[in-house]
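Here's the structure, in structure tokens; my notes come after.
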Amino acid sequence: MAGHSKFKNIMHRKGAQDKLRAKLFSKLGREISVAVRSGGEDITSNIRLRSAISAAKSVNMPKDNIERAIKKGKGNDPDSNYQEVRYEGFGPQGTAIIVEALTNNKNRTASEIRSTFSKNGGTLAETGSVSYNFEKVGSIILKRSIASEEEIFEFVIENGSTDIETNEDNYSIYCEVKDFQNLIEKISKKFALPTSNQIIWRAKKGINLELESAKKMLNLVNALEDNDDVQKVSSNIELTDSVLNELVGLN
């Protein structure tokens with residue numbers, strides 16, 4: 001889904017970088033805490049924690065922040081007793097959207113997510129109404145400058161990747177969840193640490209959006225990601241180069 005990948009890059013150009021960085025660290029810290037709470041602090045046996053810490057390191061999250069998040073996950077602070085929730089809905093032109101959140105107040109979060117969909121031309125739907133159009137996979141992003149496309153392609157396919165996409169800046173590598181950590185470790189040893197890595201919902205088939213619908217979708221996803229409880233937003237959008245160029249000009 002190259003269009004979705006580029007669309008995400010556009011979305012993250014908005015706002016002050018320091019504010020975005022602080023929000024990102026907060027969300028990563030919350031994921032680390034929840035991973036510790038659900039599976040313990042041993043990264044050898046806790047795959048979710050290992051993935052969360054790897055993702056934090058890939059964006060240069062300070063070691064102190066990571067350690068505080070681990071400590072918080074081990075404690076009994078009621079404010080950090082987060083629950084995982086997933087919301088599904090529809091955006092412009094019937095696009096499918098999955099919102100993953102961690103919250104200590106499900107009623108508040110559900111109300112906010114419903115309101116965000118409504119205010120931005122979307123519709124919150126029942127759980128399961130769109131997720132059947134997606135598959136959960138590991139996503140690993142590498143800079144194109146680290147190696148040739150042929151070298152990357154051959155290596156990752158031999159080591160568990162199911163698919164790879166390229167654009168002018170990055171390689172986007174996908175794999176089954178069970179192979180995710182092993183592939184990250186092999187890529188890191190052979191080439192470099194990934195720019196980012198996470199478990200995502202990847203659409204099986206995309207919907208191509210026209211410019212006006214793409215603008216509405218951009219606003220909706222931005223508004224969802226601005227919610228402190230939201231960890232990830234996934235969609236099945238596809239964008240042509242001309243629409244992408246128009247969106248870049250708006251940011």
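The values are calculated or read from the model by the stated rules, or taken from the named source; none is laboratory data. The model shown is predicted, which means the values in this text are computed figures rather than measured ones. Every residue, glycine among them, receives a Cβ derived from its backbone with ideal geometry; neighbour counts consider all protein chains shown.
Pull out all pairs, ordered by first then second residue, where Cβ-Cβ is under 8 Å, the residues are six or more apart or on different chains, the first lies in segment 181-195 and is over 16 Å from PHE153 (Cα atoms), and the second is of a type outside the set (Gly, Ala, Ser).
Sorted first by the residue in segment 181-195, then by its partner, the pairs are GLN181/ILE47; GLN181/ARG50; ASN182/ASN159; LEU193/LYS57; THR195/ILE141; THR195/LEU142; THR195/LYS143; THR195/ASN170.
Specify the residue that is nearest to GLY91 (Cα to Cα); the eligible residues are those in segment 106-120 that are in contact with a strand residue (DSSP E or B) (Cβ under 7 Å, 6 or more places away or on another chain) and at pLDDT 95 or above.
Of all residues in segment 106-120, those in contact with a strand residue (DSSP E or B) (Cβ under 7 Å, 6 or more places away or on another chain) come to 106, 109, 113-114, 117.
Cutting the leftovers down to at pLDDT 95 or above gives us 109, 113-114, 117.
Numbers: THR109: 19, ILE113: 13, ARG114: 12, PHE117: 8 Å.
This residue is PHE117.
Say we look at segment 149-178 and pick out the residues that are touching a strand residue (DSSP E or B) at 6+ places or on another chain (Cβ under 7 Å) and assigned to a helix (DSSP H, G or I); which of these is surrounded by the most Cβ atoms within 10 Å (Cβ to Cβ)?
VAL156
Which condition does ILE146 not pass, out of (1) crowded, with 19+ Cβ neighbours inside 10 Å; (2) of a type outside the set (D, E, K, R); (3) assigned by TED's automatic domain parsing to the domain that holds ASP169, if it passes all the others?
All conditions pass for ILE146, except number (1).
Which residues, taken from segment 201-251, are buried (at least 17 other Cβ atoms within 10 Å of the Cβ), among the basic types (Lys, Arg) and more than 14 Å from ILE98 (Cβ to Cβ)?
LYS216
Condition first: among the aromatic types (Phe, Trp, Tyr) and over 24 Å from SER33 (Cβ atoms). Now tell me which residues in segment 187-234 satisfy that.
Result: PHE191, single match.
For LYS232, which of the numbered conditions (1) assigned to a strand (DSSP E or B); (2) touching a Ser or Thr at 6+ places or on another chain (Cβ under 8 Å) fails to hold?
Result: LYS232 passes all but (2).
Which one is surrounded by the fewest Cβ atoms within 10 Å (Cβ to Cβ) among residues in segment 107-131 that are over 21 Å from the mean Cα position of the chain (by Cα) and part of a loop (DSSP other than H, G, I, E, B)?
GLU126
Report every pair of residues separated by at least 6 positions or lying on different chains whose Cβ atoms are under 7 Å apart, first residue within segment 197-209 and within 22 Å of VAL59 (Cα to Cα), second assigned to a loop (DSSP other than H, G, I, E, B).
Qualifying pairs under 7 Å: ARG202/MET1.
State all residues of segment 188-210 that are farther than 19 Å from SER234 by Cα and touching a helix residue (DSSP H, G or I) at 6+ places or on another chain (Cβ under 7 Å); if no residue qualifies, say none.
Of everything in segment 188-210, those that are farther than 19 Å from SER234 by Cα and touching a helix residue (DSSP H, G or I) at 6+ places or on another chain (Cβ under 7 Å) turn out to be LYS190, PHE191, ALA192, LEU193, PRO194.
Return a yes/no flag: does segment 203-214 have any residue that is outside the structural domain of ILE32 (by TED's automatic domain parsing), under 26 Å from ARG21 (Cβ atoms) and not small (Gly, Ala, Ser).
The answer is no; no qualifying residue exists.
Being of a type in the set (Lys, Arg), out of contact with any His (no Cβ under 6 Å at 6 or more places or on another chain), at pLDDT below 85 and farther than 20 Å from SER131 by Cα narrows it down to one residue among LYS71, LYS27, LYS14, LYS63; which is it?
LYS14
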